[in-house]
Amino acid sequence: AQKMESVGQLTGGVAHDFNNQLGILLFDVDMLLARIEEPTFRDDLNKIRKTVLRAADLTRQLLVFSRRQRMEPQPVDVNHHVAELRKMMGRLLGANVDVVLQLADEVCIVNADPGNLDQVLINLSVNARDAMPEGGTLTIETRIVQIEEEDTSRGGEPGSYCLLAVHDSGQGMEQEIRERVFEPFFTTKASGKGTGLGLSVVYGIVEAHGGWLKVHSTPGEGSCFEIYLPTDDGVATTSVPHEEEEEDAV
């Protein structure tokens with residue numbers, strides 16, 4: 001808890017200042033877009049704008065982590081959200097990682113901050129990529145699970161949950177490492193290759209949304225991070241067909 005608090009204070013100060021600089025960049029890009037009509041230049045400016053907005057969103061997650069900015073929860077279709085994020089994962093994970101989606105037939109609606117959900121998926125996906133230095137398969141699965149009263153030992157209250165699971169075919173973890181993966185600053189990566197904050201951020205976000213996590217891992221057999229998020233009681237979870245997502249051509 002003390003580590004999380006100290007990291008939060010440091011992160012909040014840096015993120016706040018960085019966010020101000022991003023605001024200036026966004027203003028400048030918007031001013032240029034209002035003046036320039038040449039299509040090629042406008043395409044380049046729009047790419048810059050999207051990058052700035054993505055950086056601003058990540059900065060907002062750091063502000064949430066440091067408790068300097070409130071979350072903005074809303075009903076989120078987890079299946080749709082995962083499918084949309086899949087479109088950018090090719091650039092994020094590299095060509096030697098195959099991303100496979102196994103989405104539930106039911107609609108998985110949770111009350112969550114969309115940016116926070118992005119952060120959870122990105123952090124877990126990058127962590128999985130790093131566990132597969134020679135390449136491999138990353139599988140993202142969703143399904144609805146019912147936690148009965150006698151199952152509360154699993155970590156949550158009885159009720160309906162959306163299970164979001166991220167599997168990798170990587171190196172796996174020994175028990176000693178598995179028990180410490182969510183500790184701030186803990187990392188098995190070489191010096192300068194990791195901060196040890198990615199999974200602790202995931203842990204904090206999931207807990208803030210009333211959920212919990214489980215980790216399964218065996219050396220040489222990969223790892224699986226399971227996230228349980230309460231379903232939104234105000235939205236029915238009915239079966240719907242899933243359309244195939246087009247591959248991102250960029």
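Placing a pseudo-label 7 Å from each Cα along the Cα-to-Cβ vector at residue 48 and residue 21 gives an inter-label distance of 1.6 nm. Amide hydrogen proximity for residue 212: with H placed 1.01 Å from N in the peptide plane, the residues at 5 or more positions away or on another chain lying under 5 Å are 228.
If you stretched the chain out fully between residue 84 and residue 215, how much longer would it get, using 0.36 nm times the residue separation minus the C-alpha to C-alpha distance? Can you show the working numbers first?
Values: separation 131, 0.36 × 131 = 47.16 nm, distance 2.49 nm.
Full extension of this stretch gives 44.7 nm more.
The order of 30, 168 by accessible area, most exposed first and with a 1.4 Å probe, is 30, 168.
Karplus-based coupling profile of segment 96-102, in residue order and whole Hz: 8, 10, 8, 9, 10, 9, 10, with θ = phi - 60° in 6.51 cos²θ - 1.76 cosθ + 1.60 and x standing for Gly or Pro.
Amide H to amide H, with H built 1.01 Å from N, residue 231 comes under 5 Å of 160, 161, 162, counting only residues 5 or more places away or on other chains. Averaged over residues, the count of other Cβ atoms within 10 Å places the peptides 207-214, 21-28 in the sequence 207-214, 21-28, highest first. Once you have the Cα-Cα distance between residue 31 and residue 148, take 0.36 nm times their residue separation minus that, and quote the gain in nm to one decimal. Length gained between residue 31 and residue 148: 36.6 nm.
The values are calculated or read from the model by the stated rules, or taken from the named source; none is laboratory data. What you see is a predicted model, and the numbers here were worked out from it, not measured in a lab. No Cβ is skipped: glycine too gets one built from the backbone with ideal geometry, and neighbour counts run over all protein chains shown. SASA here: full protein model, heavy atoms, side chains in, ligands and nucleic acids out. Shrake-Rupley method; radii C 1.70, N 1.55, O 1.52, S 1.80 Å.
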